[in-house]
Every structure is written in C-alpha cells, then in structure tokens.
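The values are calculated or read from the model by the stated rules, or taken from the named source; none is laboratory data. These numbers come from a predicted model, not from an experiment. All Cβ positions, even for glycine, are placed from backbone atoms using ideal geometry, and neighbour counts span all protein chains on display. With ligands, DNA and RNA removed, areas are computed over all heavy atoms of the protein, side chains included. Shrake-Rupley method; radii C 1.70, N 1.55, O 1.52, S 1.80 Å.
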Amino acid sequence: MNKREFLKGLGLITAGGMVTSAINPLSAATSVSSLPAKKKIGLQLYSLGKELTDDVPAGLKKVAKIGYATAEAAGYRERKMYGYDIAEFKKVADALGLKVSGSHVNPPMRKYTNENKSEIADFWKVAVEDHAKLGVTTLVQPGMPQIENHEDAAMVCEVFNKAGEIAKSAGIKWGYHNHSHEFERIGEGSKRDVVYDLMLNGTDPELVFFEMDVYWTVMGQNDPLEYFKKYAGRFPVLHIKDRKVLGQSGMMNFKNIFTKAYENGLDEFFVELEGIGKADNMTQFEGVKACFDYLNKASFVK
Ligand code: MG
C-alpha cells in the first residue's frame with residue numbers, strides 16, 4: 001500500500017487530492033493518530049477451498065477487501081503457488097496489500113527413517129528457497145508423520161530440527177501444526193507419552209515452533225491454556241478455529257485463549273474455517289467474513 005492509498009483508506013484524500021493535510025497538517029496528524037489501529041487478522045487460505053482456487057487473483061482481492069491483513073498459503077505444489085510462479089503470486093498479493101506471511105507445506109513422505117531423512121531435508125531446502133522468494137515469515141508442516149512408538153517420535157523430532165535449521169538459515173521460522181491425533185499416547189507401561197509432548201520436548205525451541213490449532217487441541221480433549229503455560233514461548237502462531245464460524249459453537253473460549261496466548265508471546269494468528277455445508281446457507285467467503293467480523297469486534301483481540 002502506498003501513502004496515497006493509505007490516506008485514501010483513512011478518508012483523508014478526496015477526489016480533489018490531498019486536501020486536509022495540505023491545509024492543516026497538524027489536524028490531519030491528530031485525526032490519524034486518534035483512529036484505532038487496524039487489527040492484524042490473518043487467514044489460512046485453505047478455508048476458502050474451491051471458491052479461492054477457481055480464481056486466485058479475484059479470491060485474494062476479496063480476502064483483502066474483507067480486511068484480512070495477512071494470509072497463510074496452502075497451495076505450494078511442484079515449486080509453484082496455487083499454480084502460479086512464486087514471484088507472480090507474490091506480486092498479485094503485494095498489489096492488494098495482503099501479506100502472505102506463512103505457508104503450509106508437507107513433505108511427500110509420511111514415514112521418516114534414517115534412509116530417507118536426507119531426502120526430506122532436500123525437500124525442505126527447495127521449499128525454503130521458494131518460500132524465501134515469497135517472503136514468508138513462517139513455513140509450517142500441517143500433516144502428522146507416522147509415529148507409532150518412541151523411536152518414530154525421536155526420528156520425527158530429528159527431521160523437524162533439521163527442517164528448522166534449513167529454514168532458519170534463510171531467515172524463516174519453521175513450525176508444526178497439529179490436529180487431534182497428536183494428543184494420543186504411545187508407549188508401554190510407565191512410558192506412556194502424549195505424542196505432542198514428545199514433539200515439544202524433542203525439538204529445539206530455537207529451530208521449531210508450534211502453530212497450535214486451538215480447535216483440534218480441544219477436540220483432542222486438551223486445554224490450549226495448559227499447553228501455553230507448560231511450554232511458554234513455543235506457540236508464537238495460532239490457528240484460530242471453531243467447529244464452523246468462530247464463536248458460534250460455544251465450545252471455544254477465545255477470550256481466555258487470546259489473553260493467555262498474548263501473555264506467552266503470540267506474534268500472529270490465522271483464522272481457519274472448515275465444516276460449512278449446504279445447510280449453513282453461506283458461501284466460504286461469507287463464513288470467512290463472519291469470522292473476521294467476530295475477531296474484529298472482539299475486545300480481547302489486539
Ligand atoms: Mg488448522
């Protein structure tokens with residue numbers, strides 16, 4: 001966004017040009033500072049499904065128009081983003097003032113072994129190189145690798161640390177996004193451990209962060225607040241999700257979640273919407289707008 005567009009957004013430019021500040025710079029400055037700062041609300045683009053992928057530039061424009069400031073992509077395939085050359089995709093988003101600050105990417109293999117770990121590292125090197133061009137802050141793996149025992153968990157942590165190291169060398173933070181299976185236990189007898197805890201304890205906080213999906217954590221019968229407390233600083237980014245539109249199910253205490261997340265170092269969050277069907281009588285875009293409105297009005301969201 002250039003200065004002119006910025007001022008236009010604030011209503012300081014009329015058809016006649018930049019009148020207010022030219023006549024009285026002081027009053028213009030005062031009126032700018034008295035406006036509430038725009039909230040930085042992000043969207044995981046997966047939320048829009050086909051409504052986005054049918055026409056990506058038009059879809060991104062709608063996302064920006066709703067008021068979302070940032071977006072997390074979920075369309076990296078064969079070194080392209082939603083079928084577009086990375087630089088071209090970035091140009092489209094930049095022109096809209098929509099910052100694509102994150103991206104979800106899964107390596108092609110689910111089982112990690114000593115034999116394929118260097119192949120996985122090579123995958124991340126390429127992905128990091130491409131995402132550096134996109135200018136993201138975070139690169140996140142949303143899919144759970146196969147973890148059936150403690151040896152699998154240790155191998156996964158080793159691979160995660162390596163991915164984090166590769167990303168860090170390019171100035172990108174590497175993270176892992178959970179669903180509910182991570183809250184299952186593995187191991188025998190006294191050595192029964194929750195997979196998510198094994199991931200948190202087995203990875204280097206300097207290399208791997210956790211993008212907690214608060215809805216899937218609750219669905220895994222766990223309290224996000226307990227994790228924020230136990231592993232303070234490990235959750236700089238969140239997925240803000242509910243059963244459908246945010247705040248409607250009554251099962252998510254977003255006020256407590258945001259309050260505690262900020263205390264524990266929250267930098268950014270992405271809205272995720274799933275589960276909208278025919279009976280809901282709304283498009284994905286309408287659902288995504290309703291989620292934005294909910295957070296934009298909420299006093300607990302900074
Ligand atoms: Mg999610």
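Taking every DSSP beta bridge that has both ends in the chain, the antiparallel portion is near 20%.
Taking amide H as placed 1.01 Å from N in the peptide plane, A74 has its amide H under 5 Å from the amide H of L45, Y46, H104, each at least 5 places away in sequence or on another chain.
Comparing the range 175-221 with the 2.2 N^0.38 Å rule of thumb, its C-alpha radius of gyration ratio is 1.19 (two decimals).
Considering the range 121-177, its Cα convex hull presents a mean projected area of 3.7 nm².
So if I take the alpha carbon set of the range 53-99, get Rg, then get Rh from the Kirkwood formula, what is the Rg over Rh ratio?
Values: Rg = 10.1 Å, Rh = 10.7 Å.
Computed over Cα atoms, the ratio is 0.94.
Annotation: extensible slack from K91 through E165 equals 23.9 nm (criterion: 0.36 nm per residue apart, minus Cα-Cα distance).
Would you please name the trypsin sites (Lys or Arg not before Pro) within the range 172-227 that are DSSP coil residues with at most 16 other C-beta atoms within 10 Å of their C-beta? Don't skip to the end; give the middle numbers.
Numbers: sites: K173, R185, K191, R192; in loops: K191, R192.
Hits after loop and neighbour filter: K191, R192.
To put it simply, the accessible area of the chain at a 1.4 Å probe is 52 percent carbon and sulfur. In degrees between 0 and 90, to the nearest 10, how far off the longest principal axis of the chain does helix 254-263 point, with axes built from Cα atoms? For helix 254-263, the angle is close to 80 degrees. Here the 3J(HN,Hα) profile of the range 82-88, calculated from phi with Karplus coefficients 6.51, -1.76 and 1.60 at θ = phi - 60°, is 6, x, 9, 4, 4, 5, 5 Hz, Gly and Pro shown as x. Evaluating 6.51 cos²θ - 1.76 cosθ + 1.60 at θ = phi - 60° for every residue in the range 152-164, the Karplus couplings come out as 4, 4, 5, 5, 4, 5, 4, 5, 4, 4, 5, 4, x Hz, glycine and proline recorded as x. Computed from phi, the 3J(HN,Hα) profile of the range 214-220 under the Karplus parametrisation 6.51, -1.76, 1.60 (θ = phi - 60°) reads 5, 5, 5, 5, 5, 5, x Hz, with x in place of Gly and Pro. Counting Cα-Cα pairs of the range 119-247 in 10 Å increments starting at 0 gives whole-percent bin shares of 12, 42, 33, 11, 1.
Backbone amide hydrogens, once placed in the peptide plane, bring V271 within less than 5 Å of G42, L43, Q44, I240, excluding anything fewer than 5 places away on its chain. Entry note, the chain: relative contact order of 16 percent, from Cα contacts under 8 Å with a spacing of 6+ residues.
Considering the chain, its Cα convex hull presents a mean projected area of 18.0 nm². Taken along the Cα-to-beta-carbon direction at a fixed 7 Å, the label points for T113 and V126 span 2.1 nm.
The calculated 222 nm mean residue ellipticity attributable to helices in the chain amounts to -12500 deg cm²/dmol, summing -39500 (n - 2.57) over DSSP H runs of n ≥ 4 and dividing by all residues.
Scaled against 2.2 N^0.38 Å for its residue count N, the alpha carbon radius of gyration of the range 195-257 is 1.15.
Report, for the range 35-108, the % of DSSP beta bridges that are antiparallel, rounded to 5. Each step should come with its number before you reach the end.
Working: 3 of 10 bridges.
Taking every DSSP beta bridge within the range 35-108, about 30 percent pair in antiparallel fashion.
Relative to the longest principal axis of the Cα atoms of the chain, the long axis of helix 117-134 lies at roughly 0 degrees.
How high is the FRET efficiency from R77 to M251, r the C-beta distance, R0 41 Å, rounded to 0.05? The value I calculate is 0.75. Beta bridges assigned by DSSP with both partners in the range 163-302 are antiparallel in approximately 15 percent of cases. Normalised per residue, the accessible area of the chain is 50 Å², obtained with a 1.4 Å probe and no contribution from ligands, DNA or RNA.
A cut-off of 5 Å between modelled amide H atoms, ignoring neighbours fewer than 5 places along the same chain, links V100 with A71.
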